[in-house]
1. Could you calculate the FRET efficiency of S6 with E49 from 1/(1 + (r/R0)^6), where r is the beta carbon distance between them and R0 is 35 Å, rounded to 0.05?
2. Kindly provide the helix-only [θ] at 222 nm of the chain, computed as the sum of -39,500 (n - 2.57) over DSSP H runs of four or more divided by all residues, to the nearest 500 deg cm²/dmol?
3. Projecting each Cα onto the charge dipole of the chain (Lys/Arg +1, Asp/Glu -1 at the beta carbon, about the Cα centre), which of S16, P52, G131 comes out farthest on the positive side?
4. Pick out the long, greasy-scoring helices in the chain: whole DSSP H runs spanning 20 Å or more along their own axis by Cα, mean Kyte-Doolittle at least 0.5.
5. Using the Cα centre as the reference, give the magnitude of the dipole from point charges on the C-beta atoms of region 1-67 (Lys, Arg: +1; Asp, Glu: -1; all else neutral), rounded to the nearest 20 debye.
6. Given H placed 1.01 Å from N in the peptide plane, which residues other than close sequence neighbours of G69 have an amide H under 5 Å from its amide H?
7. For a quick check: with amide H placed at 1.01 Å from N, whose amide H comes under 5 Å from V117's, ignoring anything fewer than 5 positions away on the same chain?
Amino acid sequence: MSSQPSLRPGTDADASAVARIWHAGWRDGHLGSVPDELLPDRDEASFIERAPLRVADTTVLEVDGEVAGFIMLLGDEADQVYLDAKHRGSGLAALLLAEAERQIAAAGHDVAWLAVVAGNARARRFYERSGWTDAGLFSYKAETRGGTFDVPCHRYEKALR
Ligand SMILES: CC(C)(COP(=O)(O)OP(=O)(O)OC[C@H]1O[C@@H](n2cnc3c(N)ncnc32)[C@H](O)[C@@H]1OP(=O)(O)O)[C@@H](O)C(=O)NCCC(=O)NCCS
């Protein structure tokens, strides 16, 4: 019998599962939609390096004792929202996004935002269905090993109160 999905703060022990979901999901959402120059920086090692550094702002979704997805927050930004491919289309992503909104509101912010590349149609549809609105294109400063890299993105926002 499968257990109820549950949300909990990330721990050091989650870093490898988070890195695996992050790396595969980044490719699913971004290949063909970001400048090719960014690709060498987004190799598997980069996610293995970054996941442990982000444990403090990571919340994981657990299903049957395994990490099924995660969010990472930066202030009022839902910086990362990732669900393992095997769980997509199940409704579980809504739990992750609702938790991001809850934590951002609890930290005192009135509006949450996130960046999504134009070509990530699945994520954009999911955000729009969840009540987020497209506030237009801007240049997102993606962190890389060599500094920041400008990536054209849509800014999505949601009023929290
Ligand atoms: C973004 C993500 C968390 C959404 O979770 P999900 O379980 O896939 O979302 P859902 O299936 O509930 O919703 C996706 C919607 O897009 C639709 N969709 C699926 N594939 C699509 C495609 N290729 N183009 C457009 N819409 C698509 C689905 O039908 C659904 O819409 P509907 O509810 O109106 O039918 C998940 O896809 C993911 O982790 N993706 C990879 C990582 C990523 O891109 N993260 C976001 C970075 S900003």
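1. Working: r = 28 Å, r/R0 = 0.79.
It comes out at approximately 0.80.
2. On the way: 4 runs with 50 residues, N = 161.
That calculation yields -9500 deg cm²/dmol at 222 nm.
3. G131
4. On the way: long enough: 15-30 (21 Å, -0.40); 92-106 (21 Å, 1.03).
Going by DSSP H runs, the hits are 92-106.
5. On the way: 6 positive and 13 negative charges, 31 e Å.
The dipole of region 1-67 has a size of about 140 debye.
6. L61, D84
7. When sequence neighbours closer than 5 places are left aside, the close amide H contacts are H154.
Any read-out appearing in this document is the output of simple, stated calculations on the displayed coordinates, not a laboratory observation. If you're wondering where the values come from, they're calculated on a predicted model, not measured in any experiment. Here the Cβ is made from the backbone with ideal geometry for all residues, glycine too, and neighbour counts use every protein chain on show.
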